[in-house]
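Have a look at the structure below, then the notes.
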Amino acid sequence: MAWVPAESAVEELMPRLLPVEPCDLTESFDPSVPPRTSQEYLQRVQIEAARCPEVVVAQIDPKKLRRKQSLSGCQPAPEGYSPTLQWQQQQVAQFSAVRQSVNRHRSHWKSQQLDSNVTMIGFPPLLSIVSRMNQATVTSVLEYLSNWFGEKDFTPELGRWLYALLACLEKPLLPEAHSLIRQLARRCSEVRLLVDSKDDERVPALNLLICLVSRYFDQRDLADEPS
């Protein structure tokens, strides 16, 4: 195969549209000095192009790459912490029954005005409260609690609220809700790693939330491997 000069090879891919007089590519080039004519401008473009390397290698920070990849799924459960498949299936079935109960009561409570103060975590998620929430309110409260959970430890009160909000979340999921529940499952897996004992009462609660997000809401890539 005949050797083709680099400049000729480039012109085959990008044909020269404007005539440019030959220029000395070794001449002193000061980019701070503006060109005086259009011909000089084209020559300067030619000089800049000639000084560009033929191959450019991007410098990738491995730490950033690993951090981005860790956001895609949950942290694996420590040995002995992961629930059985049967347990997960039972929780999904029970959760489905709870959602049906919420839907039955929704029409009874939806005409009642919801006091914004009751959405604080200090109040239990009573059926009379959660049944009156529209999807915008459910998503808003879920976002607030998820962000709060991102900086705080897991508590039983928080778990009850998160469970109730998931029970009120309608399918198919809106994009914002989809992102929130995945964020929630990942956070649960992170907190679970910090629990010292598998007998800690937080473990089954964290497992439950991960289970519901992954198996009921079809985020299977976040599911725990059965023990």
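Report, to one decimal in Å, the Kirkwood hydrodynamic radius for region 121-227 based on all distinct Cα pairs. List each step's numbers first, then the result.
Values: mean 1/r = 0.0710 Å⁻¹.
It is 14.1 Å.
Using a 1.4 angstrom probe on the protein heavy atoms only, could you order TYR144, TYR163, TYR81 from most to least accessible area? Spell out each step's value before the answer.
Values: TYR144 115, TYR163 50, TYR81 25 Å².
Sorted by accessible area, descending: TYR144, TYR163, TYR81.
Counting other C-beta atoms within 10 Å, and keeping those with at most 12, which DSSP coil trypsin sites (Lys or Arg not before Pro) do you find in region 126-219? Could you put the intermediate results ahead of the total?
On the way: sites: ARG132, LYS152, ARG160, ARG182, ARG186, ARG187, ARG192, LYS198, ARG202, ARG215; in loops: ARG132, LYS152, LYS198.
Answer in residue order: LYS152.
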Give me the distance in nm between label points sitting 7 Å out from Cα along the Cα-to-Cβ direction at HIS178 and GLN39, one decimal.
5.9 nm
Estimated vicinal HN-Hα couplings, Hz - region 51-58 in sequence order (Karplus 6.51, -1.76, 1.60; Gly, Pro = x)
8, 6, x, 5, 10, 10, 10, 6
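May I ask you to order 220-226, 48-54 by the average number of other C-beta atoms within 10 Å around their residues, highest value first? Provide the component values of the computation, followed by the final result.
Working: 220-226: 14.7, 48-54: 9.0.
Highest-to-lowest ranking by the protection proxy: 220-226, 48-54.
The values are calculated or read from the model by the stated rules, or taken from the named source; none is laboratory data. What you see is a predicted model, and the numbers here were worked out from it, not measured in a lab. We place every Cβ from the backbone using ideal geometry, glycine too, and count neighbours over all the protein chains shown. In case anyone asks, the SASA skips ligands and DNA or RNA and just uses the protein heavy atoms, side chains included. Shrake-Rupley method; radii C 1.70, N 1.55, O 1.52, S 1.80 Å.
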